[in-house]
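Visitor: This is the structure I want to talk about, given as structure tokens.
The values are calculated or read from the model by the stated rules, or taken from the named source; none is laboratory data. Since the model is a prediction, treat every value here as computed from it, not as a measurement. Note: ideal-geometry Cβ built from the backbone for every residue, glycine included; neighbour counts use all protein chains shown. Side chains are part of the model used for accessible areas, which takes the heavy atoms of the whole protein and leaves out ligands, DNA and RNA. Shrake-Rupley method; radii C 1.70, N 1.55, O 1.52, S 1.80 Å.
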Amino acid sequence: MKTASVREFKSKATAYLAAEEEVLVTRRGRPVAVVTPVKERTTAALLLGLRRVLSEAGVSKAEALAMLKRARRDVYG
């Protein structure tokens with residue numbers, strides 16, 4: 001895993017993202033984030049996309065879980 005300060009990551013973000021490797025971002029030497037590439041068609045990519053859409057639509061976590069439970073019942077009976 002590569003390590004970069006916030007400043008370095010900001011200035012070279014395109015290169016880091018193009019490398020498609022995890023990057024540990026630090027502030028004053030302390031970890032503040034891990035940037036991880038998301039492979040298309042993975043469960044993680046699907047869930048991240050779903051989370052973004054639901055969040056933008058103003059759907060709460062409780063509402064999302066209730067919808068998921070109803071959908072599970074519809075599919076599996």
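Visitor: If I filter segment 2-16 down to residues being among the β-branched types (Val, Ile, Thr) and in a helix (DSSP H, G or I), which single residue comes out as least open to solvent (accessible area, probe 1.4 Å)? Steps first, answer last, please.
Guide: Start the filter on segment 2-16 by keeping residues that are among the β-branched types (Val, Ile, Thr), which leaves 3, 6, 14.
This time we only want the ones that are in a helix (DSSP H, G or I), so: 6, 14.
On the way: VAL6: 44, THR14: 115 Å².
Ranking the qualifying residues of segment 2-16, first place goes to VAL6.
Visitor: Hey, among ALA66, ALA71, ALA57, ALA33, which residue is surrounded by 10 or more Cβ atoms within 10 Å (Cβ to Cβ), within 20 Å of the chain's Cα centre (by Cα) and small (Gly, Ala, Ser)? Can you show your working first?
Guide: Numbers: ALA66 fails: within 20 Å of the chain's Cα centre (by Cα); ALA71 fails: within 20 Å of the chain's Cα centre (by Cα); ALA57 fails: surrounded by 10 or more Cβ atoms within 10 Å (Cβ to Cβ).
From the options ALA66, ALA71, ALA57, ALA33, the qualifying one is ALA33.
Visitor: Any idea which residue in segment 37-54 is farthest from GLU22 (Cα to Cα), counting only those that are outside any loop (DSSP other than H, G, I, E, B) and either touching a helix residue (DSSP H, G or I) at 6+ places or on another chain (Cβ under 9 Å) or modelled with pLDDT of 90 or more (or both)? I'd like the intermediate steps shown before the answer.
Guide: Filtering segment 37-54 for residues outside any loop (DSSP other than H, G, I, E, B) gives 43-54.
Then drop every residue that is not either touching a helix residue (DSSP H, G or I) at 6+ places or on another chain (Cβ under 9 Å) or modelled with pLDDT of 90 or more (or both), which leaves 50-51, 54.
Working: LEU50: 22, ARG51: 21, LEU54: 26 Å.
In this case the residue turns out to be LEU54.
Visitor: Sticking with this structure for a sec: Of the conditions (1) closer than 29 Å to LEU65 by Cα; (2) open to solvent by 70 Å² or more (accessible area, probe 1.4 Å), THR42 fails just one. Which one is it?
Guide: Among (1) closer than 29 Å to LEU65 by Cα; (2) open to solvent by 70 Å² or more (accessible area, probe 1.4 Å), THR42 violates only (2).
Visitor: Could you go through segment 19-26 and let me know if any residue there is touching a strand residue (DSSP E or B) at 6+ places or on another chain (Cβ under 9 Å) and touching a residue at least 24 places away in the same chain (Cβ under 8 Å).
Guide: No, every residue in segment 19-26 fails to be touching a strand residue (DSSP E or B) at 6+ places or on another chain (Cβ under 9 Å) and touching a residue at least 24 places away in the same chain (Cβ under 8 Å).
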